[in-house]
Amino acid sequence: MKNLLLLLLTVILFSCEKEVKPTYVILNGSAENNIANTAKLSGNGFNKDMAISETGSFSDTLKIEKDGYYSLRIGRESTPVYLTQGSIVGLTLDAKEFDESLVYTGDVAAENNYLAAKYLLSEKELAFDKVYSLAEEDFITEVNKINASYSDLLNSSTGVSKSFIEKETKELEYAHINNIENYEQYFQYLTKDTSFKASSSLYNSYEGFNFKDIQAFENSSAYKRLLESHYGRIARDITNSNDKDIALAYLETVDKNFENGDAKDELMFNYLRYGMKANNALEEVYSLYQKSNQNPENLSKVTSSYKVLKNLTPGKTSPTFDYENFKGGKTSLADLKGKVVYVDVWATWCGPCKREIPSLKVLEADYHDKNIAFVSMSIDEKKDYETWRKMVTDKELGGIQLMADNDWKSKFVTDFGIRGIPRFIIIDAEGNIVNSDAPRPSNPEIRTEFDAIL
């Protein structure tokens, strides 16, 4: 009898023990026509490279800390993926038709097939040039229609969990507000009307929205992008009203709205990765970030950029280049001494770079009789050498067409701290820097800068 009681007690104790939810995800994938070596999964502080076999298959057990949205990258293509702890996810795709071929099976298949369909819908509905060049009233009508299309897709997707619907509804709200926040800037870019100002009523539809939600910041990349757009718009308004450096205006705005911590640091750091410039405000910008920073790793990276930029302020001697010329031989910066040099750092795969080509051609034609050399420097990889030559020919690109010797790692590129393209640089006739991050050809301000030195 005593032994029986002990057995019953043991059963009760074990049956009352809380079930432990697995923290892993098993991801099995198959990529047809694949040439990439790895599939990279990232998000929510998680990063993992999964080897892709010669047959295109990849599989791994991934220990994630929380359910949510992640990003899967194969080669130059990427897609959002929703993962939950304990799930087994299958994926097939064709690398030649990446977005159109994505099919998910297993757990959270409905959620991920929805995300794949959502991306295709965005390509169809959110045509950048068309939507953001609309007059304000028409733009509002269009983005509301687009937002409704996403909501309809979500609500019509079968098998999607309630928790996912709640998360995705928030994501759609963040993306919708983000579209509105970006309207003024993108309209100016597309129409070249830099004086355009959106009405204050444009932002009334989300008046009272919480732009300081730390929990949302921690859980949603869409919310992070929204905050970057929102505070960026405020910074541009400040800059337009009192000529303050935009990076300084952005950091001051974030500093005013957030206590020291991860959210504040990430907002500042992400902006400074591309927004810290070699100008007269550099010291003040760096000093403000130092005082606000809580992350030693990020501070170290910003400090490294700062040290590079210190050597790129106006009047400093420019880094040099000596690269292959499309027409034969090599061309160096020394060969161009005596001329103002406008350098365009680009690549054949870069969409924004290619959108600048028509404006660059007009600029070259308008200044053809001036003492200026237009240099286009491709940072394409060696495997894309023939693609570069073909594009130069097919698009009848003018100026001096060069190809850097080691793509992103080329000395001129690293000396200028270039991390994003297109990038434009003005160097004076003596080989000194005028502007290490000059306006694009499509920006009317470039003509003001040219006219001041020619």
Exercise for review: Could you identify the single residue in 120, 115 that is assigned to a helix (DSSP H, G or I), in contact (Cβ under 8 Å) with a residue 12 or more places away in the chain and open to solvent by 50 Å² or more (accessible area, probe 1.4 Å)?
Suggested key: 120
Point to revise | Residue that is nearest to the chain's Cα centre (by Cα), among those in region 123-151 that are over 23 Å from residue 104 (Cα atoms) and open to solvent by 70 Å² or more (accessible area, probe 1.4 Å) | key: 129
Check your understanding: Restricting attention to region 152-194, which residues are crowded, with 16+ Cβ neighbours inside 10 Å, of a type in the set (Val, Ile, Thr) and not in a helix (DSSP H, G or I)?
Key -> 160
Check your understanding: What number of residues in region 137-151 are among the acidic types (Asp, Glu) and either closer than 16 Å to residue 178 by Cα or in contact with a Pro (Cβ under 8 Å, 6 or more places away or on another chain) (or both)?
Key -> 1
Point to revise | Residue list for region 406-442, restricted to those being touching a Lys or Arg at 6+ places or on another chain (Cβ under 8 Å), open to solvent by 30 Å² or more (accessible area, probe 1.4 Å) and assigned to a loop (DSSP other than H, G, I, E, B) | key: 419, 430, 437
Revision key, fill the gap. Residue set 172, 134, 115, 154; condition in contact with a Pro (Cβ under 8 Å, 6 or more places away or on another chain) and modelled with pLDDT of 95 or more; output residue 115
Review point. Does at least one position in region 329-343 carry a residue that is under 30 Å from residue 271 (Cα atoms), in contact with a strand residue (DSSP E or B) (Cβ under 6 Å, 6 or more places away or on another chain), in contact (Cβ under 8 Å) with a residue 40 or more places away in the chain and among the aromatic types (Phe, Trp, Tyr)?
Key: yes
Review point. Right, residue 135: closer than 17 Å to residue 168 by Cβ and among the small types (Gly, Ala, Ser) or not?
Key: no
Point to revise | region 234-263, subset open to solvent by 30 Å² or more (accessible area, probe 1.4 Å) and within 20 Å of the chain's Cα centre (by Cα), residue nearest to residue 274 (Cα to Cα) | key: 246
Exercise for review: Specify the residue that is least open to solvent (accessible area, probe 1.4 Å); the eligible residues are those in region 30-66 that are touching a residue at least 60 places away in the same chain (Cβ under 8 Å) and more than 25 Å from residue 220 (Cβ to Cβ).
Suggested key: 31
Study note, to complete from the structure: Expected output for region 226-237 (first residue among the aliphatic types (A, V, I, L, M), partner in a helix (DSSP H, G or I) and open to solvent by less than 30 Å² (accessible area, probe 1.4 Å), Cβ below 6 Å, 6+ apart or cross-chain) is 226/174; 226/177; 226/178; 234/253; 235/249; 235/250; 235/253
**Study point:** Subset of region 42-55 [assigned to a loop (DSSP other than H, G, I, E, B) and either of a type in the set (Asp, Glu) or closer than 17 Å to residue 89 by Cβ (or both)]
**Key:** 44, 52, 54
Check your understanding: Has region 198-213 got at least one residue that is among the acidic types (Asp, Glu), more than 30 Å from residue 67 (Cβ to Cβ), assigned to a helix (DSSP H, G or I) and open to solvent by 30 Å² or more (accessible area, probe 1.4 Å)?
Key -> no
Point to revise | region 72-98, subset among the polar types (S, T, N, Q) and out of contact with any helix residue (DSSP H, G or I) (no Cβ under 8 Å at 6 or more places or on another chain), residue nearest to residue 121 (Cα to Cα) | key: 78
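The values are calculated or read from the model by the stated rules, or taken from the named source; none is laboratory data. Since we're looking at a predicted model, the values are computed, not measured. Note that we place each Cβ from the backbone using ideal geometry, even for glycine, and neighbour counts take in every protein chain shown. Protein only, heavy atoms only, side chains kept; ligands, DNA and RNA dropped before computing areas. Shrake-Rupley method; radii C 1.70, N 1.55, O 1.52, S 1.80 Å.
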